[in-house]
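One structure is given below, encoded as structure tokens.
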Amino acid sequence: GVFTTNRVQAAPVQISQRRLEQGVARAVLINSGCANCLTGPQGWRDALAVSRTLSTRMGVSEQQVLLASTGMIGPRLPVQKVRRAIPSLVRQLSRQGHRQAARAILTTDTSTKEVAVTDEIGGTRAHLGGMAFHWYGNQSSAESCNFGSLAVVAPLLERMNVASIINQHLPADPQAEF
């Protein structure tokens with residue numbers, strides 16, 4: 001995975017980094033508007049609560065659920081709002097949902113940023129996709145969060161070969177594609 005190099009890392013970043021050490025991810029829950037950063041131990045509990053809800057709803061191990069949050073730093077994640085959205089998000093899952101997810105994480109950007117490749121990893125056909133977003137912190141309330149992004153990674157991917165395959169398919173200047 002690619003994560004921030006900032007020394008201040010939100011609970012979703014820390015949790016996802018640890019989970020990726022196992023090498024397998026089956027789902028990613030993304031929220032925009034609330035970074036769940038600098039929220040202390042409660043931020044961890046909040047992130048784990050929504051992760052648990054998603055894993056139960058999807059029937060996957062909680063350790064295979066990654067989390068990504070972007071938005072205001074400081075306010076807590078509105079856990080109940082996220083939990084209420086999860087059943088609808090799971091019902092809407094589709095291979096075509098990437099555009100909707102990329103739009104849902106837009107903050108002050110005016111265009112989406114996506115890349116997707118299909119290749120073989122360890123003899124298994126794999127579909128890899130990625131999105132990028134930037135946040136400039138101009139919202140005033142955690143209640144303004146938008147929850148509309150849920151992406152599922154399938155089939156199961158092993159980390160060891162993923163980076164080299166992605167690098168083969170990215171342009172020399174990744175910004176040129178965006």
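Quick look at the numbers
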{"quantity": "Qualifying residue in the stretch 109-119 (condition: in a helix (DSSP H, G or I), surrounded by 11 or more Cβ atoms within 10 Å (Cβ to Cβ) and either at pLDDT below 80 or hydroxyl-bearing (Ser, Thr, Tyr) (or both))", "calculated": "no"}
{"quantity": "Residues satisfying the stated conditions in the stretch 11-57, i.e. small (Gly, Ala, Ser) and either part of a strand (DSSP E or B) or without any contact (Cβ under 8 Å) to a residue 60 or more places away in the chain (or both)", "calculated": "Ala11, Ser16, Ala27, Ser32, Gly33, Gly40, Gly43, Ala47, Ala49, Ser51, Ser55"}
{"quantity": "The listed residue being assigned to a helix (DSSP H, G or I), out of contact with any helix residue (DSSP H, G or I) (no Cβ under 9 Å at 6 or more places or on another chain), open to solvent by 50 Å² or more (accessible area, probe 1.4 Å) and modelled with pLDDT of 95 or more, out of Gln80, Gln100", "calculated": "Gln80"}
{"quantity": "Count - residues of the stretch 3-53 that are among the aliphatic types (A, V, I, L, M) and within 20 Å of Gly129 (Cα to Cα)", "calculated": "8"}
{"quantity": "Sole exception among (1) part of a strand (DSSP E or B); (2) more than 15 Å from the chain's Cα centre (by Cα); (3) not charged (D, E, K, R) for Gly71, by number", "calculated": "(2)"}
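The values are calculated or read from the model by the stated rules, or taken from the named source; none is laboratory data. Just so we're clear, the structure is a prediction, and the values are computed from it rather than from any experiment. Methodologically, a virtual Cβ is constructed for each residue, glycine included, from the backbone with ideal geometry; neighbour enumeration extends over all protein chains shown. Please note that ligands, DNA and RNA were not included when accessible areas were found on the heavy atoms of the full protein model with its side chains. Shrake-Rupley method; radii C 1.70, N 1.55, O 1.52, S 1.80 Å.
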